Structures are given as structure tokens and as C-alpha cells.
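Quick note: the coordinates plus some simple rules give every number you see, no bench work behind them. Not measured: the values here are computed from a predicted model. Cβ atoms come from the backbone with ideal geometry, glycine included; neighbour counts cover every protein chain shown.
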2 protein chains.
Amino acid sequence: MKAEIITTGTEIMIGSILNTNSKFLSSKLSDLGIEPCYHTSVEDSVEKLSSVIRIALDRADVIITTGGLGPTEDDLTKETIAKVLGLELEKDIDLEHEIYKRFKRMNVTMSNNNRKQALKPKGSILIKNDNGTAPGIFLEYNNKKLIMLPGPPNEMIPMFNDYVTPMLITDSNIIIRSINTIGIGESNLEEKLKNLDIYEDNFNISTYAKSGTVEIKIIGKSDNKEALNHKINEKIKVIKDNFNDYIYGFDNKSIAEIVVDLLREKNMQLSLCESCTGGLISSKITSVPGASRVFDRAIVTYSNNAKIHELNVSVDTLERYGAVSEETAFEMAKGLLNKTDSDIVLSVTGIAGPDGGSKEKPVGLVYFCVMNRKEYKVIKNIFSGNRATIQERAAIKSLFEIQKFI
Amino acid sequence: MKAEIITTGTEIMIGSILNTNSKFLSSKLSDLGIEPCYHTSVEDSVEKLSSVIRIALDRADVIITTGGLGPTEDDLTKETIAKVLGLELEKDIDLEHEIYKRFKRMNVTMSNNNRKQALKPKGSILIKNDNGTAPGIFLEYNNKKLIMLPGPPNEMIPMFNDYVTPMLITDSNIIIRSINTIGIGESNLEEKLKNLDIYEDNFNISTYAKSGTVEIKIIGKSDNKEALNHKINEKIKVIKDNFNDYIYGFDNKSIAEIVVDLLREKNMQLSLCESCTGGLISSKITSVPGASRVFDRAIVTYSNNAKIHELNVSVDTLERYGAVSEETAFEMAKGLLNKTDSDIVLSVTGIAGPDGGSKEKPVGLVYFCVMNRKEYKVIKNIFSGNRATIQERAAIKSLFEIQKFI
């Protein structure tokens, strides 16, 4: 089955916001064995939307629209689709009553615009919206499925997961698995993968680079789910045997989540001291729910003064070797370990740029020191990219070093 | 002039990456007075891409494609477009020679795939790619402009800015300005805006909510640029007069950048202590180049222990009022101010969830304390949303409070 995803709205058309809905829906449809073949975005105009819908009816079996279901005059997705299909709009009495009750509760008179929300194309089914007022609409027409969802992701995503997914289950299986690596370049990895015995029909194996990590994505299709699962697991095993040192996780679980889970499992406490990453590692760790059980503190020592007073880095070390040095990274970690009860600490110091680099110490140079009560390891890395990229890559690398050290 | 943006590639179609190219190009085209009317994404397939190009030729004056210009077999954008238009591919001798020289330098034999990169549709002009190997292509056909650019944003963006923009300059002017607010809800703001005398033909004024901020976007069109500028500035003045307390900046300059600039201007040093935001505020500040001149340190005191030892928060306060309280926020800020030479400090403590909330202290409750050597201010806020949203909103709010306090 082929799918087209249509997003409407001025914000997307003028480039004010990113189209995250298409990405989400594409990824979910792929999981369901439905092939997303086209994404189309268009502004809320009857004429343009009509033509887009006609084209989609011609080339896709499943059409999902997001946006244009609200109460305002700009919202005309369902009206337009009904018109293109030659269907009348009919009132959903239950829904109108529900809207009426909602307004009564708020002591507000129901306007005609609000009444509009109770209309749906004849023969369609409403899709419940637990996080907003505009319901979705499901419509079968000439063996095609049309699904209209609201635009805000916080409404659309749960509606798709909870109500639309069961409507779209098919016989053909697609399994998508990911192996997440760090520390090996994409082209190098791709070349080495090509030598492995993992390629065959109905399997697509590709690599995607992002922030210093590379994802190996395996997409397999088959009618036999069990055999498919078995084959994919075999391929994953081959890849694991060959790239074990670079693999930090699977299926795009974030490395921060992996580290927090590992710390919880081992009942260990982590603390961080960051210079060039400026709190980014700490922020990634604390973005994981439950991080408080394993995370004690982070000290972002951006100035030399802070390094001296917070972490007891010696003035002599800073003067002799500089703030960005193996020696300072070591003393930062040691100072932090001494002042906390943490089982493991990590320090980072580097030059994120754009200024501050020199021939000996270029922009992108970063030292890490990971330490526990028994041993430590200092790592030097030179990252390429702009300030944001260097900070991001250094943060990801830090988490990987913590993972390996736990 | 109407434009269609076509992006190709499997990664976008299976939902593996976000389509940032369409957003970038839409925003740039709008600035140039060209109306982006359609975004289309499709996989690299001759059949599907051909039909997409045919549809685009039918409804747009400017067609920009990204992706499919590389040397591999999947890369077939220019071949497909040439075929649809009935144009032959011709060799660009200069380019072939350049590729040849590049390979010779690397001591590698040039493959047929690489030779392919020197081909272009008859009558087209090559667009220089300063950051990669695949050049872009500019083609005029039946009064329509077709522009093919490579997919990687770090190649595509400079090519568009440096070489494509001058090819697209038009007479009609579009000016887009933004006013960025915080602390007022979108619907409330929209309603109040409606009462102001700022609406007229050829001006579109709309609001966009994001992470606790709301952007007021004014888009004006006119042939007379000077008059347009004047009118837009008048509208901005009216909005400023009415919403001054909520405005933190203009034209989507980030609030972290605004705060860093303000601190530099006043020659002030900032330090932070964060609990529930876990380093996010610090990370935003240090994402700004040059932050080191105004930022001393951040202490992320995630545990009570860290609050006591790092910031001298009293055990009694923590026991009596809890870690999430006005009193703890105050003591955190005071402890930090005492141990640093900073001119201004901010503390944050709250419950980001999903666990840890209670009836008296719900998830989303956050206390802030901003303090200098003379005075302080404690702010209480209850944010809605999930963990990431609460952390993000609390971070943005913190930066706004710092901005107001400087």
C-alpha cells in the first residue's frame, strides 16, 4: 500500500516551522508496512488543496492530512475533501451535543464556527481527540483510506498512535531495526558493511550520520513475520561481531537514556564538570525521567576562576598547560570526585570556537577525563564543525565514554 | 511568482530525518517576494520523480529540487528532469577537467560514476558548490526557472545564499518582521491584537507559539520598499506600545543571545544554579559565541546533598520547606552569589516530572530567584506539558527574568 501525507498551513509554507508531522507519520507508516511515497505541503486554500487531494487520490491508497480541522475560517480540510469526493457534510449529533455541553460548562454561547466542528463528510467516522477540540475523520472511499488529523503534534501524535494505528494494520510486515554507532565515520562504516554477508532481496541496509553518531538502519519486508525477525536478528549479530567497539545502542534509544539506565542498574551516582560543553551533557542526562536517582551534580566551570575555586584545579597547571589540556581535564575530574560521593565523574574541557583556537590548540580540540575511585582515563579528540556541532559531538562522546567506563 | 520545492531521498520518505531544506528554502523564497505554494517530497525513483516534476511544471513558476545530484546510481534528479523536458545531457568540459584534476591529486582513477557528475541538461548553467563535489544546476525553460541543488544542508544553504539568490531577485518586495513575546498565551495575545489598528490589505499578521514564547509575525507585500518598511515599523510601534511587558526581542533572535549581548554591553558576569532545568539554561547561554566573557559558572545541584554542599542551602530549609520552595530558591541564589564574584545570579528549582508531584506541589511547579548585590526577586510559575516542555519553558522564563533584572 502506498501512502501520501498532506500537511496544510501557512506556517509551514512560509518556512516558519519545520514539518515534523510528515516525519512522524512516515516513520509510523513504515513500521506498519505501508510505504510513504509522497509528502505534500500546501497552504489552506480550497483551490490548491482540492488539486492536491485529486493528485493524491490518483497515486496513493492511504491519504493522511494534518491541519485545517479547527473552528476558524482558514480551516477547510474536511469541507474541501468532501467537495472533491462529492460527499455532503452531515452533522454528528453526539459531537454537537458534546461541544454544546462543553460551552455550557464554560458559560459561553456556541458560535456558528464551533457548530462547524460537529460536521463530517457523509459515511465517515470521527476519530477521538483527547488533547484538543477538533476530532479527526476516517473515511473509506473507492478502496482508499482518507484520514484527516489536526495539525498540532501534541494532538495528532496520540490520535495516530491510539486510534489510527489499529485502522491501518496490514498483512505485509516491515521490520525496521537500528544499530547506533559512535566513533567511526559514515563512509568508512559503509565501506566495511559492504564486505559483510548481510545483503539480500527485500532488505535495505543504509547508514545515516547525525551529531557524530552513525545509525545503521535495516529495513526488511516479508509476509512471514517470524522468519523476518529471525533474519534481521542474524544480520544484527553479524554487524555486532564486526563493530562491537563502536556500538552504543539499538533502535535509536538516546545515549543519555542508556547511560541513566546503566547507572540505575549498577546503583551508581554520576557527577559532571563541564567547560566547553557548558551544561549540555548535564542537560541531556537530566532530560531522562528518573535521572535524579543517579545524578548528583554538574559544575559548569566556564571561567578559569571557577575551575580553581570549584574544582581545585591548580593555578600552576592552568598557567603551564592551559585550561584546555590533559592536565586540567585530569585535575577537574579529580577535584570533582574529591568533593562529591559520586562513583563516577567526567570532566570536559575544550575549544568550541569560533574564536580561541591556535595552531597548537585548534578549535574543536577537546579533552575528557572519566574517573572512578580506582582508575581514570583521559581522552583527546579533535571535532570538526561549528560551535553547536562541536558542543553536541563532545557531549555525545562524553556519554559514550561514561557508558564504556561504568 | 509561485514556487514549488521538491526534496528527494529515502531518509525523508521513511521518516528518518526531518525535511529542513524545505523550511529553509520557503523562508528564503518568501524573503525574496516569491510565494512558496507547494512542498513535495518523493523517493529517488525515475517514475515518481518524473510525475512530480510534471505536476510542478504545471503549477509553479520556480521549481527548486534538493537531492539526487551525487555520483551514485540512486542520484537521478538531473537525468529525470532532462528527460521530462526532452533535453539532452551534455558534458561540461571545464567541470570534467576539474573533477579529473581532483582525482589525479588524490591519485585515484576516475570512475564512470564520477564522470556522470560533469553532465548537465543542454542550455543549463552550473551552480558552484564550495562545500562538496556535486554542483547545482540552473535551467530556464518556457519562462520557468528550475534550480537543482544537492541535498546536504551544509552544501545547499551556502549555494542558495551565494549563487541562487541573485538569480531570483524580483521587483515585488516582501518584508517579514517578528516580535517575540513571553508570558502571554497565544489566544489571549491574538484576541488583543485584533483590537489594534494594524490590519490592512497586503499585510498578514499572525501568531506562532513555541516553548512558552509567542512570535507575532508581520508579512507585508508592496512594490514600494520604502513605504512598506515605514508601514511595518508603524505597526511594530503599536504592538510595542501595547505589549511592552511581554516583548523580549525581535526577528527571532534567541533570548540567550539577547541576554549575552546585554551582559556584554553592561560588562556584567552571570552565574547560574539549576536544579530541575539540569543545565539547560547554562547550555543555552554557552551556545552563544563569546559567552565566556560574561559567564562564570553554573552549578547543577540535582541532589539535596549538592544543594547543601555547593550552595550552602540549610538542611533545615530543605526539611521545612522542601527542595522546591521559595526559600530554597532564595538560599540557592544567595549561596551562589556569596561564592562567586558574579554581578547577577539566577537559581531554579522545580518539579519537571513525570514523577515527584503532589497536590500541594504539582508537576510543573518551578521557583526562580534572580539576585544581584543589592536586591533579589523570587518568581513562582506553574508550567504545563511533559518533562521536556517544562524544562524548556522554565529555561526560557529564566532567561527572560535575567533580561529584565539586568
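Could you check the spin-label model distance between A:K144 and A:T165? Points 7 Å from the Cα along Cα→Cβ, value in nm.
A separation of 2.7 nm, rounded to one decimal place.
Counting partner chain Cβ atoms within 10 Å of every residue's Cβ in A:40-51, what's the average?
Average per residue, whole number: 3.
Ignoring GluC sites (Glu not before Pro) that are buried or in helix or strand per DSSP, and keeping those with at most 12 other beta carbon atoms within 10 Å, what is the longest stretch of chain B between them?
Working: sites that count: B:E73, B:E88, B:E200, B:E360, B:E375.
The reported range is B:201-359.
So what is the relative contact order of the stretch A:173-250, in percent, for Cα pairs below 8 Å that sit 6 or more residues apart?
On the way: 110 pairs, mean separation 35.0, N = 78.
About 45 percent, as a whole number.
Under a crude label model (7 Å from the Cα following the beta-carbon direction), how far is B:Y321 from B:S27 in nanometres?
4.1 nm
Hey, got a sec? Which trypsin sites (Lys or Arg not before Pro) in the stretch A:314-377 land in a DSSP loop and have at most 13 other Cβ atoms within 10 Å?
Counting only loop positions with at most 13 other Cβ atoms within 10 Å, the trypsin sites (Lys or Arg not before Pro) in the stretch A:314-377 are A:K359, A:R373, A:K374.
Using a Gaussian network model of chain A whose springs link C-alpha atoms within less than 10 Å, name the residue from A:C369, A:C273, A:C37 with the highest mean-square fluctuation.
For chain A, modelled as a Gaussian network with Cα springs under 10 Å, the answer is A:C37.
Please name whichever of B:I169, A:V84, B:V84 sits farthest to the positive end of the charge dipole of the protein assembly as shown, dipole taken about the Cα centre and charges placed at Cβ: Lys and Arg +1, Asp and Glu -1.
B:I169
Nm distances between the label at B:D130 and the same-position labels in the remaining copies, 7 Å along Cα→Cβ, shortest first?
Its label point is 5.2 nm from the equivalent points in the other copies.
Enter the angle in degrees (range 0 to 90, nearest 10) between the Cα long axis of helix A:93-106 and the first principal axis of the Cα atoms of chain A, meaning the one along which they spread out most.
Roughly 60 degrees between the two axes.
Ordered shortest first, which distances in nm separate the 7 Å Cα→C-beta label point of A:I17 from those of the other copies?
Reported distances to equivalent positions: 2.3 nm.
Give me the angle, in degrees from 0 to 90, between the Cα long axis of helix A:387-405 and the longest principal axis of the Cα atoms of chain A, rounded to the nearest 10.
70 degrees
Cα-Cα over 32 Å: which of A:K2/B:K122; A:K377/B:K266; A:K78/B:K217; A:K128/B:K253; B:K240/B:K361?
Checking Cα-Cα distances, A:K2/B:K122; A:K377/B:K266; A:K128/B:K253; B:K240/B:K361 exceed 32 Å.
Rounded to the nearest 0.05, what FRET efficiency do A:N131 and A:E88 have when you use their Cβ-Cβ distance and R0 = 41 Å? The partial results should precede the final answer.
Values: r = 29 Å, r/R0 = 0.71.
That gives a FRET efficiency of 0.90.
If a paramagnetic tag sat 7 Å from the Cα of B:I406 along the Cα-Cβ line, which residues of the stretch B:310-337 would have the backbone N under 16 Å from that point?
Taking a point 7 Å out along Cα→Cβ of B:I406, no residue of the stretch B:310-337 has its backbone N under 16 Å.
Of the trypsin sites (Lys or Arg not before Pro) in the stretch A:160-254, which ones lie in a loop per DSSP and count no more than 16 other C-beta atoms within 10 Å?
A:K253
If I take R0 = 51 Å and measure r between the Cβ atoms of B:N204 and A:N233 in this structure, what FRET efficiency does the formula 1/(1 + (r/R0)^6) give, to the nearest 0.05?
Approximately 0.45, to the nearest 0.05.
For the stretch B:313-397, what does the alpha-carbon gyration tensor say about shape, rounded, prolate or oblate, given a ≥ b ≥ c as the root eigenvalues, a/c under 1.5 as rounded, and a/b over b/c as prolate?
Values: a/c = 2.50, a/b = 1.48, b/c = 1.69.
Judged from the Cα gyration tensor, the stretch B:313-397 comes out oblate (a/c at least 1.5, b/c at or above a/b).
To the nearest 20 debye, what is the magnitude of the charge dipole of the protein assembly as shown about its Cα centre, counting +1 on the Cβ of each Lys and Arg and -1 on the Cβ of each Asp and Glu?
I would put it at about 820 debye.
Can you tell me, using C-alpha contacts under 8 Å and at least 6 residues apart, the relative contact order of the stretch A:2-168 as a whole percent? Mind dumping the intermediate values first?
Numbers: 282 pairs, mean separation 39.1, N = 167.
This gives 23 percent for the stretch A:2-168.
Measure nothing fancy, just the Cα-based angle from helix B:225-243's long axis to the longest principal axis of chain B, in degrees from 0 to 90, nearest 10.
20 degrees
Where the centre of each part is set by its Cα atoms, how far does the stretch A:349-391 sit from the stretch A:300-320, in angstrom?
With the stretch A:349-391 and the stretch A:300-320 each reduced to a Cα centre, they are spaced 16 Å.
In a GNM of chain B with a 10 Å cut-off on Cα contacts, which of B:S30, B:S111, B:S283 has the highest mean-square fluctuation?
In the Gaussian network model the winner is B:S111.
Only bridges whose two residues both fall in the stretch A:2-168 count here: according to DSSP, what percent of them are antiparallel, nearest 5? Mind showing how you got there, number by number?
Numbers: 11 of 28 bridges.
If I count the DSSP bridges inside the stretch A:2-168, around 40 percent turn out antiparallel.
If you take every DSSP beta bridge whose two residues both sit in the protein assembly as shown, what share of them, in percent to the nearest 5, is antiparallel?
Once the DSSP bridges in the protein assembly as shown are tallied, antiparallel ones form about 65 percent.
Taking the stretch B:175-215, which chymotrypsin sites (Phe, Trp or Tyr not before Pro) meet the DSSP loop condition and have no more than 12 other C-beta atoms within 10 Å? Don't skip to the end; give the middle numbers.
Details: sites: B:Y199, B:F203, B:Y208; in loops: B:Y199.
Hits after loop and neighbour filter: B:Y199.
Based on the alpha carbons, how large is the Rg to Rh ratio for the protein assembly as shown when Rh follows Kirkwood?
Dividing the radius of gyration by the Kirkwood radius yields 0.97.
With respect to the axis carrying A onto B, what is the closest chain A residue by Cβ position, and how many angstrom separate it from the axis?
With distances in whole Å, chain A gives A:G279, 2.
Which value in nm describes the separation of the simple spin-label points at A:D61 and B:L196, placed 7 Å from the Cα toward the beta carbon?
Using points 7 Å along Cα→Cβ, the separation is 5.2 nm.
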